[in-house]
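S.K.: Got a structure for you, questions after.
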């Protein structure tokens, strides 16, 4: 059966219009790639676990950073001593867990700009406050000092007391618990971590008023992921210039920039 020429022309025009409409249709945008942030929720007030999820200074940073970069946030729970290998293995994009800049870490990861400087501090049982009256006495003469694995606190204690009985923990809360239960005599860690422990147990623990060391904190990126590192540095600089950084830090009273 043959179609009249007019009908053939109409069909051809309809097909052409359909093809043009299809070719001009907007291409759907690909979903934004999540920003995978490695966190260790055992570092109050940096990162800790609540009933409704993670909280802390670094969580506030992560949420604002992801929003500034236009990427959804994916928080990845990683044990502290596995953070760097997880990052280098591609499991996360950035470590945001109160990590301090050290030469050993800087040889493996690419640190962003430092966002705050803090100190290392010791904590003892309240009843032992006069037993070691100074941080120097604590480091030199206390029998059992607890530290968290692969932290600047551990490095400092080992440097000062290489022959001392040092007890290493994977989690800060375990060290604090064992300090209160007389299994260690002191714990050395970041000042904000120590102050958070004292605030949680004011009737049992006391922190030394003077620091035993100092450190700078920054976010860690994979070497070669310069675009993300630079973008994060740009965001951090804008926060610092506009007062946002101070505002975020002020939400956590135990942290002083």
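S.K.: Can you tell which of 110, 32, 62 shows the greatest fluctuation in a Gaussian network model of the chain with Cα springs below 10 Å?
M.R.: 32
S.K.: Using only C-alpha positions, report the orientation-averaged shadow area of the convex hull of segment 122-214, nm², one decimal.
M.R.: With the hull built on Cα positions only, its mean projection is 5.1 nm².
S.K.: How many nm is it between the label spots at residue 158 and residue 230, if each spot is 7 Å from the Cα in line with the beta carbon?
M.R.: Between residue 158 and residue 230, the label points sit 3.6 nm apart.
S.K.: When the chain is treated as a GNM, springs tying every alpha-carbon pair under 10 Å, which of 80, 219, 132 comes out with the largest mean-square fluctuation?
M.R.: Among 80, 219, 132, the largest GNM mean-square fluctuation belongs to 132.
S.K.: Each label point is 7 Å from the Cα along the Cα-to-Cβ direction; what then is the distance between the points at residue 203 and residue 68, in nm?
M.R.: Taking the simple label geometry, residue 203 and residue 68 are separated by 4.3 nm.
S.K.: Once you have the Cα-Cα distance between residue 244 and residue 210, take 0.36 nm times their residue separation minus that, and quote the gain in nm to one decimal. Write down the numbers at each step before the final one.
M.R.: Values: separation 34, 0.36 × 34 = 12.24 nm, distance 2.86 nm.
Extending this stretch completely gives an extra 9.4 nm.
S.K.: Additional query: With r defined as the distance between the Cβ atoms of residue 54 and residue 173 and R0 fixed at 22 Å, what FRET efficiency is calculated, to the nearest 0.05?
M.R.: Once the sixth-power term is evaluated, E becomes 0.90.
S.K.: Contour minus end-to-end for residue 134 and residue 165, with contour as 0.36 nm per residue of separation and end-to-end as the Cα-Cα distance?
M.R.: Details: separation 31, 0.36 × 31 = 11.16 nm, distance 1.91 nm.
Between residue 134 and residue 165, full extension yields 9.2 nm more.
S.K.: Work the Kirkwood hydrodynamic radius out for the chain: mean of 1/r over every pair of different alpha-carbon atoms, inverted, in Å.
M.R.: Final number for the Kirkwood radius of the chain is 20.8 Å.
S.K.: Next up: Apply the Debye scattering formula to segment 169-257, with a single equal point scatterer on each alpha-carbon and no solvent, then give log10 I(q)/I(0) at q = 0.12, 0.14, 0.23, 0.25 Å⁻¹.
M.R.: Computed log10 I(q)/I(0) values: -0.56, -0.70, -1.15, -1.25.
S.K.: Calculated from DSSP H runs of 4 or more alone, at -39500 (n - 2.57) each and per residue, what is the 222 nm mean residue ellipticity of the chain, nearest 500? It would help to have the intermediate numbers written out before the result.
M.R.: On the way: 10 runs with 102 residues, N = 257.
So the helix-based figure for the chain works out to -11500 deg cm²/dmol.
Every number here is computed from the coordinates shown, using simple stated rules; none is lab data. If you're wondering where the values come from, they're calculated on a predicted model, not measured in any experiment. With ideal geometry, Cβ positions are generated from the backbone for all residues, glycine too; neighbour counts draw on all protein chains shown.
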